[in-house]
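Below: the structure, in structure tokens.
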Amino acid sequence: MLIDDFTDKGLVSKLGTQWRGVSDQVMGGISEASISHGVIDGRHSMRMAGHVRLENDGGFIQVALDLAPPGDTIDVSGFAGMRIIVRGNGEKYSAHIRTLDNVRPWQSYRAHFTALSDWETIDLPFEDFVPHRLETPLDKTRLRRISLVAIGRPFFANLDISELAFYL
């Protein structure tokens, strides 16, 4: 199930929902993020870049996508996981999933990956997504949002994504 191949210059996904950049500034932090569309090595892509800073209890930047209109969810129980085609600057990043069970902003299900300098396809099986600050196991029938995140330590994030999908 293709979520996005980033051919839309306005960063509207194949689901019809809009990608957006978010930083810890929403809670008083000072990390800076930018999100942009581009063509890199002939691939349409979205770039997330910025400085992750820990001051003022901050420490993240992210690109986030609602998977359905507000109040709705999608069922991905027929899929094995999330597939991303990415390249980056050799840093560790996270993929976050939110479901109806995530009632606090800091709760999510998280899996990690490293984005190297060459384009690479990375499969993140759903069983690798670990609950963060909640006990409830991941319910694949009630997904609300996905995010790709630079988090937890000071560094310069530079992540290019050319495809995001759920795979069988």
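No value in this document is a laboratory result; all are computed from the given coordinates. Treat the numbers as computed from the prediction; the structure is a model and nothing was measured. Note that each Cβ is placed from the backbone with ideal geometry, even for glycine, and that neighbours are counted across all protein chains shown.
Points worth noting:
- Cβ-Cβ FRET estimate between residue 68 and residue 120, R0 fixed at 22 Å, reported to 0.05: 0.20
- Under the Debye formula (equal points on every Cα, no solvent term), log10 I(q)/I(0) of the chain at q = 0.11, 0.12, 0.13, 0.16 Å⁻¹: -0.41, -0.49, -0.58, -0.92
- Cα-projected label distance for residue 141 with residue 14, points at 7 Å along beta-carbon direction, nm: 2.5
- The stretch 60-149 shape via C-alpha gyration tensor axes, a/c threshold 1.5: prolate
- Alpha carbon centroid spacing (whole Å) that separates the stretch 76-145 from the stretch 16-72: 15
- 17 Å Cα-Cα reach of residue 140 towards aspartates and glutamates, excluding residues that sit fewer than 8 places from it in its own chain: 66, 72, 75, 101, 123, 127, 128
- Relative contact order of the chain: 31 percent, from C-alpha pairs under 8 Å at least 6 residues apart in sequence.
- FRET efficiency, 1/(1 + (r/R0)^6) with R0 41 Å, evaluated for residue 40 and residue 100 via beta carbons: 0.70
- Estimated FRET transfer efficiency when R0 is 25 angstrom, pair residue 107-residue 156 (beta carbons, to 0.05): 0.40
- The local environment of residue 23, defined by Cβ-Cβ distances under 14 Å, has a net charge of -2 under the rule Lys, Arg +1 and Asp, Glu -1.
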